[in-house]
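Notes follow once the structure below has been shown.
The values are calculated or read from the model by the stated rules, or taken from the named source; none is laboratory data. Predicted model only: the values in this text are computed from it and were never measured. Positions of Cβ are backbone-derived with ideal geometry, glycine not excepted, and every protein chain shown enters the neighbour counts.
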Amino acid sequence: MKPTILLYDSGMGGLTVYDEVRKALPNAHYLYCFDNACFPYSEKSESVLNHRALSIVQKIAEKYPLDLVVVACNTASTVVLPALRQAFSFPIVGTVPAIKPAAEISETKTIGLLATKGTIVRQYVLDLIDKYAKNCVVEKIGTTDLVEIVEEKQQTGIVDLARLKAVVEPWIDNKDLDTVILGCTHFPLVKTELQELLPQVKFFVDSGCAIAKRVKNLLSEQIICSESDKKPQANLAFCTAKTENFFAREKVMQKWGFISLMELNCK
Ligand code: DGL
């Protein structure tokens, strides 16, 4: 059997991680859940994030034989990994801001962490900065607006550039800033717009490739076993609330390679 991989996020951001994992493992069976009932995660409490994580993975694991779960969200990953690892025996891979690679690649040693309001204040992230970026000036922007801007772009194709500019305004005149960490999985989806607003930034780094490598390593045994299995298994998408834009969302998910969108009943 091909390995079945579940990725989940509050919205469409986790698709940037899915994209990298799918490039590394094109034949795996993918399930993607976006927790739109609880979107955005940015300012949600740790107990809400833990509850949603356990509930989503439990519901899907009841129906599908999961081999691995990717928490395709920085905001959730900085909180929920211990609870998920305690509750389930399959590997759980988290997404955390790429602070170490950013500190290494920066020439000016001035880096910016662009993430949600929750992520920038989490102890997990402060410890990473302390461990890997002690020699750098680390500027931080915590934003919920940018998550909403990207979600809207995914659904309508429109980007509110004035709102986006207001988010990164504090960095526009910072000539030393040469590296920005896209510390939310939504943000690679507006990388081009960010590049235009911050032309002094040479490097935008995210965690997608590193996660894909980790997933491939963890599943190497199943991949070898599944090489002869040519049976196609349809990739499926799930949401946690059936809103009026359901069919538009299903179309978006179909473009990303999922055959259908279903509602997952999570309390
Ligand atoms: N995409 C998520 C992250 O990486 C969550 C964004 C949100 O819902 O606030 O942080």
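Details
- In the set (1) in contact (Cβ under 8 Å) with a residue 12 or more places away in the chain; (2) in a helix (DSSP H, G or I); (3) of a type in the set (Ser, Thr, Tyr), the condition left unmet by SER47 is number (1).
- Restricting attention to the stretch 21-41 and to residues that are surrounded by fewer than 21 Cβ atoms within 10 Å (Cβ to Cβ) and of a type in the set (D, E, K, R), the residue that is nearest to the ligand (Cβ to nearest atom) turns out to be ARG22.
- Single unsatisfied condition, LEU68 versus (1) under 15 Å from PRO3 (Cα atoms); (2) under 14 Å from the mean Cα position of the chain (by Cα): (2)
- Residue count for the stretch 133-174 under the criterion of being buried (at least 18 other Cβ atoms within 10 Å of the Cβ) and part of a loop (DSSP other than H, G, I, E, B): the result is 3.
- Some residue of the stretch 86-94 being within 12 Å of the ligand (Cβ to nearest atom), part of a loop (DSSP other than H, G, I, E, B) and crowded, with 20+ Cβ neighbours inside 10 Å: yes
- Counting residues in the stretch 168-181 that are touching a residue at least 60 places away in the same chain (Cβ under 8 Å) and within 16 Å of the ligand (Cβ to nearest atom) gives one or more.
- Residues of the stretch 50-75 that are assigned to a helix (DSSP H, G or I) and either touching a His at 6+ places or on another chain (Cβ under 7 Å) or within 9 Å of the ligand (Cβ to nearest atom) (or both): ASN74, THR75.
- Only one of VAL201, VAL159, VAL125 that is over 24 Å from PHE34 (Cα atoms) and either of a type in the set (D, E, K, R) or more than 15 Å from the chain's Cα centre (by Cα) (or both): VAL201
- Candidates CYS239, CYS225, CYS266 - the one that is modelled with pLDDT under 90 and under 22 Å from the mean Cα position of the chain (by Cα): CYS266
- Selection over the stretch 175-188 of residues that are in contact with a Ser or Thr (Cβ under 6 Å, 6 or more places away or on another chain) and in a helix (DSSP H, G or I) gives a count of 1.
- Flag for LYS191 being within 16 Å of the ligand (Cβ to nearest atom), under 19 Å from the mean Cα position of the chain (by Cα), modelled with pLDDT of 95 or more and of a type in the set (Lys, Arg): yes
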